[in-house]
Amino acid sequence: MGVARARDLEARGVCRPLLRTMHREGTVRTLARGVYCLPGYTPSESQAMALVAARASSAVFCLVSALRLHGMEDAVALARGVNPTVPTPWIALPPTARVPLLPQCRLRVVRMSGPLLAAGVQERVVDQVRVRLFSPAKTVVDCFRFRGRPGLGVPVAVAALREFLKLHPGEDARDELRRHAALARMATVMRPYLEALA
């Protein structure tokens, strides 16, 4: 077991009274309200993401977190700077969704609704927890859209675009990028960078 929610454990046959007993005896420990792990659990680099996904089912990992999951390390390095000591997951939430309280990490939240929140959502397993994240093309467009946020900026967006074009060289990938750019009203902003990197 990596990180598990109480309801996931219940589905595996661990009822709540048994879970409370296990917690009292020290055979499981609490990471956050309703989220558990084994005492010897060694946190991976992805623990913060797994913890967020376990606590906020409506969250979609975006921006720097999605870049990391998609292997766009040059852009991640620019965004994180020189001292990434505290895990800082980036998530997109609906406008009225509550932000999960997690003392183990500092969340960066952007709000999206409608088509912008639904477009390009993928699923992946991170640290034994299913997480939702935006596709590479949607992530690149969001980097341009939120370039004014602290920790992002134009250099991060351009690095993400460069890596996307290197990892996804086909015309289909460029078309997907253009679709997401049009949806987010970023086509005009991104056009000069796309032409320069063509």
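Observations on the model:
- None of ARG179, ARG174, ARG145, ARG106 is under 18 Å from ALA75 (Cα atoms) and free of Cβ contacts under 8 Å to residues at least 60 places away in the same chain except ARG145.
- Residue ID - modelled with the lowest pLDDT, chosen from residues in the stretch 94-116 that are crowded, with 19+ Cβ neighbours inside 10 Å and more than 21 Å from VAL156 (Cβ to Cβ): LEU102
- Scanning the stretch 73-82 for residues that are at pLDDT 80 or above, in the same structural domain as ARG162 (by TED's automatic domain parsing) and at positive phi turns up nothing.
- Boolean, ARG33 is modelled with pLDDT under 85, closer than 24 Å to ALA6 by Cβ and surrounded by fewer than 16 Cβ atoms within 10 Å (Cβ to Cβ): yes
- Residue, surrounded by the fewest Cβ atoms within 10 Å (Cβ to Cβ), within the stretch 117-132, restricted to residues that are aliphatic (A, V, I, L, M) and not in a strand (DSSP E or B): ALA118
- Test: residue in the stretch 186-193 that is aromatic (Phe, Trp, Tyr) and touching a Ser or Thr at 6+ places or on another chain (Cβ under 9 Å): no
- The condition of being within 17 Å of LEU69 (Cα to Cα) and in contact with a Ser or Thr (Cβ under 8 Å, 6 or more places away or on another chain) holds for only one of VAL140, VAL126, VAL131, that being VAL126.
- Here is the figure for the stretch 184-198: residues that are in a helix (DSSP H, G or I) and surrounded by 11 or more Cβ atoms within 10 Å (Cβ to Cβ) total 7.
- Residues satisfying the stated conditions in the stretch 95-122, i.e. over 14 Å from CYS62 (Cβ atoms) and not hydrophobic (A, V, I, L, M, F, W, C): PRO95, THR96, ARG98, PRO100, PRO103, GLN104, ARG106, GLY114, PRO115
- Residue within the stretch 167-183 that is surrounded by fewer than 22 Cβ atoms within 10 Å (Cβ to Cβ), at pLDDT 95 or above and small (Gly, Ala, Ser) present: yes
- Those residues of the stretch 1-27 which are under 18 Å from ALA56 (Cα atoms) and modelled with pLDDT under 80, in sequence order: GLY2, VAL3, ALA4, ARG5, ALA6, ARG7, ASP8
The values are calculated or read from the model by the stated rules, or taken from the named source; none is laboratory data. Only a predicted model underlies this, so the values are computations on that prediction, with no experimental measurement involved. Ideal geometry is used to build each Cβ from the backbone, glycine not excepted, and the neighbour counts take in all protein chains shown.
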